[in-house]
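The values are calculated or read from the model by the stated rules, or taken from the named source; none is laboratory data. Just so it is clear, the model here is predicted, and its values are computed rather than measured. Cβ placement follows ideal geometry from the backbone for every residue including glycine, while neighbour counts extend to all protein chains displayed. We work out accessible area using only protein heavy atoms, side chains counted, and drop any ligands, DNA or RNA first. Shrake-Rupley method; radii C 1.70, N 1.55, O 1.52, S 1.80 Å.
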Amino acid sequence: MQQLGTLEELPLEYREMLTSHNLVPLWPQMRSVLPYNIPSRDTTFLNWRYENIRPLLMRAGELTPMEKAERRVLILANPGHGLENIQATPSIYLGMQLILPGETAPNHRHTPNAVRIIVEGEGAYTTVNDEPCKMERGDLILTPAGMWHEHHHGGEGPIVWLDILDLPLMYRLNSSWSIEGENQNPSRSRDKSYADYSASGIVPTLNLARGSDNSPQLRYPWSKTKACLEEMAADHDKGLLAIAYVNPENGQSIFPSIGFGAIMLRPGEKQKLPKMTSAKVFHVIEGAGSIMIEGHPTEIDSPLNFVERDTLSAPGYTSITITNMGEHKPLFLLTADEQPLHHYLGIF
Ligand code: 1HN
């Protein structure tokens, strides 16, 4: 590899002249912005264990009332990107949100796309553009860019969910902003996963939203995803059991930025995931296991163990292997990655 000139080799007076005209020489940083053979990957391979998050989140519930928080969230920040940059991966933000019984998180809408995965508790619902979406463990609830959303909790104990947003991307595009709104008046009694989009392959004929990029289905119940994976397992006794969450009207990823999926591992099974360019996030819905990556300079020798409700991140351009430690129980994971964006950019 050819050695390139450094900044220090240049006369001080020349460097100062460049700076004064807002100019920067490329060659001293050529290798760092365009590494040979493999990109730099800042995403640290790590597990945010729920057993560590939960007590700190409950303390946030004691320390900070809703009026002082708007959204009571602990951000799952990846140290590889710098904790202050609120990135789990280059374009994915993760946060664990808590609502206590009787609390409401006020109505607003914003440019970042958001998904919630329900982690713990029941009795809460999110209203999205007047559609009340019930929140049950493992459900995926969408609030696409620009849609009004507010959260209510009428249940007994705390409710906790994982927020997944393309906020780091929007923020760096200087396009992240929000508007506050009046409380919503739900116009229907239940979300469209019960009727309009209750069966795969069937869509309502009179759908006025057809053609819009946003998925008209806002809630993807875990019970249906799980049932589908179990039926797939009944038909296939080997191979990776995985599904993607798509817009039922056009089959495309539910967001243009982040792709969502679910994986099932049979009892005791070990699976190598298809190699991909994008970093990846995992949230454990049911079961326990371990995960290992290969092909990263900061690779740790031993795999990371995980249990239910843990959330993990892994860098792109690595080979990921997951093992289900349950001898009799299947393992279910939800995944989020930047695959749609990579496809769009032509780098996947
Ligand atoms: C947001 O609107 C929510 O609506 C949660 O629950 C987390 C993080 C950053 C920006 C907006 C929510 C968020 C957020």
Next item on the list: Please identify the pairs in which a residue from the range 1-15 that is under 16 Å from Pro35 (Cα atoms) has its Cβ atom under 7 Å from the Cβ atom of a residue that is in a helix (DSSP H, G or I) and charged (D, E, K, R), counting only partners at least 6 apart or on another chain.
Entry: Leu4/Arg31
Checklist line | Conditions (1) part of a loop (DSSP other than H, G, I, E, B); (2) in contact (Cβ under 8 Å) with a residue 40 or more places away in the chain; number of the one not met by Ala262 | finding: (1)
Notebook entry, point to check: Here are some conditions: (1) at pLDDT below 95; (2) surrounded by 21 or more Cβ atoms within 10 Å (Cβ to Cβ). Phe255 meets all but one. Which one does it not meet?
Noted result: (1)
Note to self: Condition first: among the hydrophobic types (A, V, I, L, M, F, W, C) and assigned to a loop (DSSP other than H, G, I, E, B). Now tell me which residues in the range 19-55 satisfy that.
What the structure shows: Leu23, Val24, Leu26, Leu34, Ile38, Phe45
Checklist line | Close pairs (6 angstrom Cβ cut-off, 6 or more residues apart or separate chains): closer than 14 Å to Glu230 by Cα in the range 327-343, of a type in the set (S, T, N, Q) anywhere | finding: Leu331/Asn324
Next item on the list: For the range 117-131, name all the residues that are in contact with a strand residue (DSSP E or B) (Cβ under 9 Å, 6 or more places away or on another chain) and assigned to a loop (DSSP other than H, G, I, E, B).
Entry: Gly121, Glu122, Gly123, Asn129
Next item on the list: Confirm whether Ser198 is more than 17 Å from Glu338 (Cβ to Cβ), among the polar types (S, T, N, Q) and touching a residue at least 60 places away in the same chain (Cβ under 8 Å).
Entry: no
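On the basis of being of a type outside the set (Lys, Arg), modelled with pLDDT under 95 and open to solvent by less than 60 Å² (accessible area, probe 1.4 Å), does Pro248 make the cut?
Yes.
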Next item on the list: Working only within the range 63-79, note down all residues that are away from the ligand (no atom under 11 Å from the Cβ) and out of contact with any helix residue (DSSP H, G or I) (no Cβ under 9 Å at 6 or more places or on another chain).
Entry: Leu63, Thr64, Pro65, Met66, Glu67, Lys68, Pro79
Check: Quick one: how many residues across the range 133-170 are out of contact with any strand residue (DSSP E or B) (no Cβ under 7 Å at 6 or more places or on another chain), charged (D, E, K, R) and more than 18 Å from Leu76 (Cα to Cα)?
Finding: 1
Checklist line | Search result, residues across the range 175-209 that are more than 15 Å from the ligand (Cβ to nearest atom) and among the polar types (S, T, N, Q) | finding: Asn185, Ser187, Ser189, Ser193, Ser198, Ser200, Thr205, Asn207
Notebook entry, point to check: In this structure, does Ile141 turn out to be within 16 Å of the ligand (Cβ to nearest atom), β-branched (Val, Ile, Thr), outside any loop (DSSP other than H, G, I, E, B) and at pLDDT 95 or above?
Noted result: yes
Checklist line | Members of the range 102-117 that are without any contact (Cβ under 8 Å) to a residue 60 or more places away in the chain and either under 24 Å from Met170 (Cβ atoms) or among the acidic types (Asp, Glu) (or both) | finding: Glu103, Ala105, Ala114, Arg116
Margin query: Considering only residues that are in a loop (DSSP other than H, G, I, E, B), within 13 Å of the ligand (Cβ to nearest atom) and farther than 18 Å from Met147 by Cα, which ones fall in the range 80-113?
Written below: Ile86, Gln87, Ala88, Ile92, Glu103
Next item on the list: Hey, can you tell me all the residues within the range 144-172 that are more than 20 Å from Pro221 (Cβ to Cβ), charged (D, E, K, R) and near the ligand (Cβ under 9 Å from one of its atoms)?
Entry: Glu150
Checklist line | Hits in the range 277-303 (condition: buried (at least 18 other Cβ atoms within 10 Å of the Cβ), aliphatic (A, V, I, L, M) and closer than 30 Å to Glu136 by Cβ) | finding: Ala279, Val281, Val284, Ile285, Ile291
